[in-house]
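Contents: one structure, followed by commentary.
Nothing in this text is a laboratory measurement; each read-out follows from the coordinates by a stated rule. Keep in mind that this is a model prediction, so the values were computed, not measured. Positions of Cβ are backbone-derived with ideal geometry, glycine not excepted, and every protein chain shown enters the neighbour counts.
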Amino acid sequence: MELKYGSTQFALDLPPDRLSGVITPTLTLPAESPAEIVSDALDSCHAVLSSFGPNDRVVIVTSDITRYTGSEIYLPMLVERLNRQGIPDSNIEILIALGIHRKQTDHEHEKIVGPLYKRIRVVDHECDDPAELVMIGRTSNGIEVRINRRAVEADRLILTGTIGFHYFAGFGGGRKSVLPGIASRAACMASHFAVLNPAAGSGKNPLAVTGNLEGNPVHQAMAEACAMAAPAMILNTVLTPDKRIIATFCGGWREAHEAGCRFYGERFSFPLGERADLVVVSCGGFPKDINLIQAHKSMEYASQALKEGGVMILLAECRDGFGNSTFFNWFRHKRLEEFEAALRAHYEINGQTAYSTLQKAQRFRVILVSQLSGHQAEEMGMVPAHSLEEALHIAEGLLPVDWRALVMPEGGSVLPVVAG
């Protein structure tokens, strides 16, 4: 079996009596092309689109370059439907939902919007510019929702993106295009802070987990903000691990998103009878393992398949290091109680990911195969290794004599679920 690592791969050859199974999504590729799938979804939204008028100013929100969505396919098709309603290109604007990410380059804009580049105006969201933000309300947990002025002043707001698992919002897509996508930095931080229980020292909310929307406080805050923005419709794709569109959900922002989440959860969850002593997980190679923050998703999902105190081998090249300049600094906190207190005192989204990383490093024994230095891996509570072969040798010294293993070739794309 070949496991991807950066732009290369490692060969894994486990004895058959040690291998309990390979965890992969249960997918059947549709006969239709991605363009046909998008077209069918837009047809299903005809009633909404037919209500748009020629004088409407339309803002379409879409994701930045870090989250591939198939936008170069669906954005031109969506604009064409708007043109059919008599809406000229000059009345349409594409707003890139950066959240707190950096601005995009011209080349990245071109990749995102495809044939629409230099035809439709494209603008990056500015989370730190008060002049570009408008307060539209306050959520039930007290978040002041300030979002991009263009979205507020538009006659029609359309949200686009892709649906996938999110390790504490439950799922991505849908309402996340508003908060954090086009919100102020303070609102972004506050929405993510909802992952923690209110009382100091009480840790993470148990409902703020991968694949769950019910009672999830992070999802609730995002949904309340989206309701305030009142989008006319959403268009969300579902992608295979190799980024092919296999489904598109179009319609009301709440209903279409929930339908897409159900579809994704059914196909990208993997039922397990029992957890394993060892999980060998690849992020799926570059760019999924470009940095440790991106690799954390695979680490999180793999942990669901691992026995308490078990061993995880994480293949994550991390050619761009950690993915954020402040991420590694958080590991000066070695005790989770101390870490949580620091996070509550000065919350950062990357600090939350670092906290979650340390939780798993202390709960399990994680062997990290990466380009990070041995010192960096050890500071994060992990055991460094330079190859899969070395990692397996280290693991053998940590495992019980009768150990069994599970393998995840695309760790960030499938969620192991143990019955009960």
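Can you spot a residue in the range 391-407 that is buried (at least 17 other Cβ atoms within 10 Å of the Cβ), within 21 Å of the chain's Cα centre (by Cα) and not small (Gly, Ala, Ser)?
Checking the range 391-407: not a single residue is buried (at least 17 other Cβ atoms within 10 Å of the Cβ), within 21 Å of the chain's Cα centre (by Cα) and not small (Gly, Ala, Ser).
How about the range 126-157: which of its residues are of a type in the set (Asp, Glu) and more than 23 Å from the chain's Cα centre (by Cα)?
Of everything in the range 126-157, those that are of a type in the set (Asp, Glu) and more than 23 Å from the chain's Cα centre (by Cα) turn out to be ASP129, GLU132, GLU144, GLU153, ASP155.
Are any of the residues in the range 383-405 of a type outside the set (Gly, Ala, Ser) and closer than 25 Å to THR326 by Cβ?
Yes.
Can you report the number of residues in the range 29-53 which are without any contact (Cβ under 8 Å) to a residue 60 or more places away in the chain and either touching a helix residue (DSSP H, G or I) at 6+ places or on another chain (Cβ under 8 Å) or not in a loop (DSSP other than H, G, I, E, B) (or both)?
Result for the range 29-53: 7.
Quick check: anything in the range 203-215 under 16 Å from the mean Cα position of the chain (by Cα), part of a loop (DSSP other than H, G, I, E, B) and acidic (Asp, Glu)?
Within the range 203-215 (the criterion being under 16 Å from the mean Cα position of the chain (by Cα), part of a loop (DSSP other than H, G, I, E, B) and acidic (Asp, Glu)), the answer is no, since none of the residues qualifies.
Looking at the range 97-110 only, could you name the residues that are touching a helix residue (DSSP H, G or I) at 6+ places or on another chain (Cβ under 7 Å) and either farther than 19 Å from ASN148 by Cβ or aliphatic (A, V, I, L, M) (or both)?
If the condition is that a residue be touching a helix residue (DSSP H, G or I) at 6+ places or on another chain (Cβ under 7 Å) and either farther than 19 Å from ASN148 by Cβ or aliphatic (A, V, I, L, M) (or both), then ALA97, ILE100 are the ones that fit.
The rows are residues; the columns are (1) surrounded by fewer than 22 Cβ atoms within 10 Å (Cβ to Cβ); (2) under 16 Å from the mean Cα position of the chain (by Cα); (3) assigned to a strand (DSSP E or B).
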site	(1), (2), (3)
SER191	no, yes, no
ALA199	yes, no, no
MET222	no, yes, no
ASN236	no, yes, yes
GLU255	yes, no, no
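Quick grid of which residues meet (1) hydrophobic (A, V, I, L, M, F, W, C); (2) under 23 Å from GLN9 (Cα atoms); (3) touching a residue at least 60 places away in the same chain (Cβ under 8 Å):
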| residue | (1), (2), (3) |
| --- | --- |
| LEU368 | yes, yes, no |
| HIS375 | no, no, no |
| GLU379 | no, no, no |
| ALA391 | yes, yes, yes |
| LEU399 | yes, no, yes |
| VAL407 | yes, yes, yes |
